[in-house]
Each structure stands twice: as C-alpha cells, then as structure tokens.
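Input: a single structure, listed below in structure tokens.
No value in this document is a laboratory result; all are computed from the given coordinates. All values derive from a computational prediction rather than experimental measurement. As a convention, Cβ positions derive from the backbone with ideal geometry for all residues, glycine included, and neighbour counts pool all protein chains shown.
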C-alpha cells in the first residue's frame, strides 16, 4: 500500500498565483543545525514560499511514503523502486496531473480566471515534475484523446485542461537522483513541449543547481542528463533558464558541507538571489 499525499496549504483566496511544492529526501544526521531541519518541513517551506512570493497560495505536497528518509511519490508515478526512484516516465494514461488536481481541489484550490500555477520541486521531488511534463507533452500532441489513469468525474478532463493552461513556471531546485532519470531526455517529449510553449508564451523551465549536483565525479550521469534537457529545450523553443547557486563555492569541499548547501539552496532561491547571473537559454 502506498498511503496518501498530505497537503500543507497556505491559502490566499483572493490571490491568482498558486505555487505547488514537492520536497525531496530527508536527513536526520547528528549535528544537523536547525535551519536544515526547518527546510525539510513541508509546513515551514510552505510558509516561506508564501512570504517570499508576496502572498501566493501555496500547496506543499508530501510524498505518499518515506523509506529511511527517502521520498516516494508512488501516486504520481507509474512505477518506482522501494526507495522512490522512478521506473521511467510514461505518457499515458495520465496519472500525475489528475493526482495533482485531486489534491489541490481537495485542499480548497479552484481555478481562477487569469490565474497562474507554478510548480517547484526540490531534489527527488523532481521526479513528479518529469512525469507531469511527460503528460503535458502527451496532451499537447493528442489532446483530450489521452486517457486518465482514474477517469473520475465527467469533467475531469476539462479540469486537467484548466490546470495545464494555468501552468507558467516549472522550477527544478537542485534536483538529483542516485540513478538515471533526474531529468527528461526524451527528444519527442520536447518536440511536444515546444508546441505547448508556442501556445502558452509564459510557460518556462527553470533549473537551479548547487555544487552538490553540479560536481560530476560522484554522479556523472546527472550532469549529462541536465545538459541534455537544457539542450533539447533550447532546440525545441521551450524557454529555459539555468541558474547556478553558490557558484563561488569550491566543489572539493567535504560531501557533508556540500549536502548542507543542497538544502540551503532553498534560502537563496527564496530570496530570489543567486551567486551567478541566470543564463537564459531560449
């Protein structure tokens, strides 16, 4: 059994901006300071996001289960390992988008005309963004003919369309995995995302990295996947940005220090600052 995804909500009924956040793995090592502990709290991150965004409605979604701290988003993926690593990303039937919509509606969200929805994922939470973008590409290619994993109500497809039409910014915050699949590298997905971006000119991808994920000796595939995703997005006209955080930090610091920077990426991101100017790729 997978359990349920709890949603921590900071609602603003009069606000047209919605932020959805997916967290990653947690650590509980001896000596970890309180700041790092707070940045692993879905409730506290939701409040920080609300404050830094000027009062957006924020929905912080927990994984359906944790295995020794590992985040497992079973309900958004068609398959994953015991510790939450994805077993690929499938275009259909739609699973992540209907699940997200059901959670948001259950937490009180409703589509507001002219409103926007931004998605943010930290660390392993990026697997949810990958599945959502894969489904978004499928919808851009085949529209309403794409089946839902659980059809639900008669207007489920219309509600999914409203949600996807409101999507503006998809943000990867120091995303990484201990296996392949941290970033999308399927060229056909980006062909379709290019079509979606042409129809929705405010849509964009943003990738933020720290030395924890930029340093390639431990996980060389991670760097290759990220570069491939940025290249494919650029080739297909999907606006994308790569912003290196802590660019002045030497990657040869201890793994523990780099791991702490991994979590502290939240603070730089939330302050809308970076140690290097963003690189606009498309």
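Counting other Cβ atoms within 10 Å as a rough exposure proxy, the listed residues 270, 129 run 270, 129 from fewest neighbours to most.
Roughly what % antiparallel, to the nearest 5, for the DSSP beta bridges in the stretch 7-280?
Values: 10 of 37 bridges.
Around 25 percent antiparallel, to the nearest 5.
Placing dummy labels 7 Å off each Cα toward the beta-carbon, the span from residue 142 to residue 51 is 4.6 nm.
Taking R0 as 22 Å, what FRET efficiency do you get between residue 200 and residue 43 from their Cβ-Cβ distance, rounded to the nearest 0.05? Could the numbers behind the result be given before it?
On the way: r = 31 Å, r/R0 = 1.42.
That gives a FRET efficiency of 0.10.
Got a sec? How would 10, 117 order by Cβ neighbour count within 10 Å, fewest to most?
Values: 10 19, 117 25.
In increasing order of surrounding Cβ atoms, one gets 10, 117.
Between residue 179 and residue 248, the distance separating the two model label sites (each 7 Å from Cα on the Cα→Cβ line) works out to 4.0 nm. The stretch 244-262 and the stretch 45-66 have Cα centres separated by 25 Å. Determine by what factor the alpha-carbon radius of gyration of the stretch 7-280 differs from 2.2 N^0.38 Å, reporting the quotient. Here the Cα radius of gyration is 0.95 times the empirical estimate. Considering all different alpha carbon pairs of the stretch 1-125, the Kirkwood hydrodynamic radius works out to 15.4 Å. Mean residue ellipticity at 222 nm, helices only, the chain: -11500 deg cm²/dmol; runs of at least 4 DSSP H residues each add -39,500 (n - 2.57), and the sum is divided by the number of residues.
Sorting 221, 212 on the 10 Å Cβ count, fewest up front, what's the list?
On the way: 221 15, 212 27.
Result, fewest neighbours first: 221, 212.
On C-alpha positions alone, give me the angle between the axis of helix 42-52 and the longest principal axis of the chain, in degrees, nearest 10. Tilt relative to the chain: about 90 degrees.
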